[in-house]
1. When the solvent-accessible surface of protein heavy atoms is calculated with a 1.4 angstrom probe, in what order do 84, 74 fall, highest first?
2. Using a 7 Å offset from the Cα along the Cα-to-Cβ direction at both residue 56 and residue 74, what is the distance between the two label points in nm, to one decimal?
3. Could you compute the FRET efficiency for residue 48 and residue 83, with r as their C-beta to C-beta distance and R0 at 22 Å, rounded to 0.05?
Amino acid sequence: MSKKSIGLRVGFVLASSLVFGPLSPLSASSTNRPAVSPIPIGTAFSYQGQLRQNGAAANGVFALKFRLYDQAVDGAQVGSEVSDPTSNVSGGTFSSELDFGSVFQSKRWLEVEVDGTILTPRQAIMPAP
């Protein structure tokens, strides 16, 4: 019986937006422009990774599960598990939208499970502009 080898290279993309105020020192009331309310960006982000199986780029449908932790090893799970049971992996690449809620007050680590195999090490989640 051969052992299945799964590896993961990841890229992390955090979609965000910035809200800018008026570029001049004049207030909105003095320029007769209506006040603009900031638009919330939410808590979801796109997670992109590269999956290799037995040393080659994986292809096919894989069941992915994502968990967030407060430490790189051991620690407590933060937020709920996010599942992507039918993730299409093509040429080794995949993308999943993750939303753990408002849990990024401090550093977090992402654990990825592929078809029941937990990949190590956990990936540090870093903010990106």
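The values are calculated or read from the model by the stated rules, or taken from the named source; none is laboratory data. Quantities reported herein were computed from a predicted structural model and do not represent experimental measurements. Heads up, the Cβs are rebuilt from the backbone with ideal geometry, glycines too, and the neighbour counts pull from every protein chain shown. Remember, those area values only see protein heavy atoms, side chains included, never the ligands or the DNA or RNA. Shrake-Rupley method; radii C 1.70, N 1.55, O 1.52, S 1.80 Å.
1. Listed by decreasing accessible area, they come as 74, 84.
2. Placing both labels 7 Å along Cα→Cβ, they lie 4.1 nm apart.
3. Numbers: r = 17 Å, r/R0 = 0.78.
After rounding, the FRET efficiency stands at 0.80.
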